[in-house]
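Structure first, commentary second.
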């Protein structure tokens, strides 16, 4: 049964109870964790404490607006689906202020409003319908494939570090990494140079989010400041990323679970031979992941197969 | 939910989103409208987002090329910034106006409002056309916001078994933007004019479709609709 955490923020306590009851009834095929509160401050505490799949909010809250709340939630959980569920008509609020978020909207007007809210929540929970990036076909199976490997092994990380050392040396770049693209984040399981201090990043900020969609499994960005997908992300330059090449880590079933990447601090191009070399190294990295998972399963059967947890 | 057909697509699964790319922006608008209408059935609802063609012009084009066009189940978000009078028989068509096409928050909210109205009126599934996505892409600085808006629209289309058509002028964008739009869509239709001045199309990314370039004419789309 799919699971989902729903946060509903509304000063109307009676309606909160009604919505809770109705969602439980209409979404009984989903394992719902329903949280409710009435202010931005309370909602912020909830968002900081757990991953929210769907945020439903009134527009007028005691300590801020629904837009402020959605913006806060998106900053912390970029993939969260949001619904502005409000008595305020759609022409009554300003959307021209800076950084007002894209969101679903439902006016509390007619008798079947809560039923329609439940339908929207189902869409937001079951489909990636407010993500800011494209997803691979069959992403759920790809995520299941990630969980079939033991990716937390320290021995594996040391082996993958060596692969990134080789890649960085070959391409004369300061930084390289092996990354896993999980449901919401990019996590680093092998690193060279500055990547050793990198924390996991949201999937929407990761270049590799696009690499795993490439048909031939290799993607080059000669200059991130001139690429429409990344040009607004100044944080990439702060990390020393100006040029990029990544090759996918592909399972035998054809799922790209992550990437091997190199990063340069200046714009540069890469030759066909460069692409082939990185492709080969990525294949070796994937073989190491498979090999380590098999060894761990044999040596520590009580742990092996538990997979990758974040 | 059952598949629907629309020349040149032999079978479109419920909930698909398709890009249409090709010739001049004016032709592209006409073709995109034609693809939506040729795929529609009498009980379907229609939502159009129009950025360059005024809503009355869009309604005129629908009626001229598609005799069975049902304006009662049609909603429009007019982002042209033009305010003109409507023909007397079109005054009941629900039209939302948006002066800034780059305001994706307002666009998303208006899209949700009209979509919900069609659900309440039981005009479902809903078929939608964005004509054109190019204008939106040109007005929004962060591509991620456009993707979020399209994914939201896609979610509604998939949930209700509708169809989404996104019109995009290939020549107006860099390869990365085009590639991102294609990655969001389930497939697409590429249109070109060949050396003899005839139109041809090619289908991308959808199973069970004729491959390669296929000649066609606008009248084939209209005939299908009137049948």
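Quick notes on this structure:
- Filter result for residue A:95 (within 9 Å of chain B (Cβ to nearest Cβ), touching a strand residue (DSSP E or B) at 6+ places or on another chain (Cβ under 7 Å) and at pLDDT below 95): no
- The residue that is farthest from residue A:293 (Cα to Cα), among those in the range A:129-151 that are in contact with a strand residue (DSSP E or B) (Cβ under 8 Å, 6 or more places away or on another chain) and more than 14 Å from every other protein chain (Cβ to nearest Cβ), is A:142.
- Being crowded, with 17+ Cβ neighbours inside 10 Å and either free of Cβ contacts under 8 Å to residues at least 40 places away in the same chain or within 14 Å of chain A (Cβ to nearest Cβ) (or both) is a property that does not hold for residue B:204.
- Single match in B:35, B:69 (criterion: under 15 Å from the mean Cα position of the chain (by Cα) and in a loop (DSSP other than H, G, I, E, B)): B:69
- Being under 15 Å from residue B:36 (Cα atoms), within 14 Å of chain A (Cβ to nearest Cβ) and in contact with a strand residue (DSSP E or B) (Cβ under 8 Å, 6 or more places away or on another chain) is a property that residue B:162 has.
- One residue stands out among those in the range B:166-180 that are touching a strand residue (DSSP E or B) at 6+ places or on another chain (Cβ under 6 Å) and surrounded by 20 or more Cβ atoms within 10 Å (Cβ to Cβ): the one that is farthest from the other protein chains (Cβ to nearest Cβ), which is B:167.
- Among residues of the range B:61-72 that are surrounded by fewer than 14 Cβ atoms within 10 Å (Cβ to Cβ), none has a beta-carbon under 6 Å from a residue that is at pLDDT 85 or above at least six positions away or on a different chain.
- When restricted to residues that are without any contact (Cβ under 8 Å) to a residue 60 or more places away in the chain and surrounded by fewer than 20 Cβ atoms within 10 Å (Cβ to Cβ), the range B:28-60 contains 6.
- Residue in the range A:173-193 that is at pLDDT 95 or above and part of a helix (DSSP H, G or I) present: yes
Listed here are the residues, each with its yes/no results for (1) at positive phi; (2) more than 19 Å from the chain's Cα centre (by Cα); (3) touching a residue at least 60 places away in the same chain (Cβ under 8 Å); (4) buried (at least 21 other Cβ atoms within 10 Å of the Cβ).
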site	(1), (2), (3), (4)
A:128	no, no, no, no
A:145	no, no, yes, no
A:156	no, yes, yes, yes
A:166	no, yes, yes, no
A:172	yes, yes, no, no
A:177	no, no, yes, yes
A:180	no, no, yes, yes
A:192	no, yes, no, yes
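The values are calculated or read from the model by the stated rules, or taken from the named source; none is laboratory data. It should be emphasised that the depicted structure is a prediction, and the values quoted were computed from it without experimental measurement. Every residue, glycine as well, gets a Cβ built from its backbone with ideal geometry; the counts of neighbours run over all protein chains shown.
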